[in-house]
Amino acid sequence: TRWFNVRAPENGNKDHFCAKQARVVANILYGIKKQLGGEGEYFRKVFLITPFKSVECGLKKEMQKWRKEIGLPDGWENANIGTVHTFQGKEADMVFFILGCDDSPGAEGAIRWVNANLVNVAVSRAKYRLIVIGDKNAWKKNKYVKKMQDILP
């Protein structure tokens with residue numbers, strides 16, 4: 001359980017997806033595959049959660065590129081990647097909370113929009129491990145995410 005500080009430009013125009021953040025997720029998943037060996041039934045117990053639909057769409061496209069190398073099961077992207085609302089009431093062994101956004105003025109409104117309920121639902125989906133991926137500098141402007149930053153290593 002930890003925070004990965006990944007500064008990266010978002011796509012802009014209300015598209016808060018950051019490709020570099022998705023690559024960090026893919027690299028971590030690849031490392032898990034190497035550690036566990038074999039193909040990834042374990043990945044059915046992993047969720048990629050985000051506050052934003054644009055980040056969800058970008059993550060799905062990026063994970064499709066990496067599917068074979070990581071060993072993701074067929075249909076994994078549709079069942080295991082989504083917005084916070086998608087996963088309300090569900091749990092997984094490991095949850096990645098991918099925040100997206102950068103520190104540009106165009107992202108400030110989106111960062112302010114993320115409330116305590118969204119953060120609570122996202123982090124409480126994780127049974128054992130929570131990995132947060134985002135730009136600490138950008139997200140320190142949101143008091144709920146800042147609190148999470150202060151707690152996570």
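The values are calculated or read from the model by the stated rules, or taken from the named source; none is laboratory data. All values derive from a computational prediction rather than experimental measurement. Heads up, the Cβs are rebuilt from the backbone with ideal geometry, glycines too, and the neighbour counts pull from every protein chain shown. Ligands, DNA and RNA are excluded from the accessible area calculation, which covers all protein heavy atoms including side chains. Shrake-Rupley method; radii C 1.70, N 1.55, O 1.52, S 1.80 Å.
Can you tell me which residue is most open to solvent (accessible area, probe 1.4 Å) among those in region 122-136 that are in contact with a strand residue (DSSP E or B) (Cβ under 8 Å, 6 or more places away or on another chain) and not hydrophobic (A, V, I, L, M, F, W, C)? Only one residue fits best here, namely Tyr128.
Within the option set Lys140, Lys147, being open to solvent by 50 Å² or more (accessible area, probe 1.4 Å), under 17 Å from His16 (Cβ atoms) and at pLDDT 95 or above holds for one residue only, Lys140.
One line per residue, one yes/no per condition, for (1) within 16 Å of the chain's Cα centre (by Cα); (2) free of Cβ contacts under 8 Å to residues at least 40 places away in the same chain:
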| residue | (1), (2) |
| --- | --- |
| Lys65 | no, yes |
| Ile111 | yes, yes |
| Leu118 | yes, no |
| Ser124 | yes, yes |
| Met148 | yes, no |
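Taking residues in region 68-95 that are within 14 Å of Thr50 (Cα to Cα), and partners anywhere that are of a type in the set (S, T, N, Q) and surrounded by 12 or more Cβ atoms within 10 Å (Cβ to Cβ), the pairs with Cβ atoms closer than 7 Å and at least 6 places apart or on different chains are Glu77/Gln64; Thr83/Thr50. Residues that are modelled with pLDDT of 95 or more and either farther than 20 Å from Glu10 by Cα or under 17 Å from the mean Cα position of the chain (by Cα) (or both) do occur in region 37-46, at least one of them. Among the candidates Trp113, Trp66, the residue that is under 22 Å from Gly31 (Cβ atoms) and of a type in the set (Phe, Trp, Tyr) is uniquely Trp66. Where the second residue is modelled with pLDDT of 95 or more and in a strand (DSSP E or B) and the first is over 16 Å from Pro51 (Cα atoms) and lies in region 5-20, which pairs have Cβ atoms under 8 Å and are six or more apart or on separate chains? Once the first residue is over 16 Å from Pro51 (Cα atoms) and sits in region 5-20, its partners that are modelled with pLDDT of 95 or more and in a strand (DSSP E or B) give Asn5/Gly134; Val6/Ile133; Val6/Gly134.
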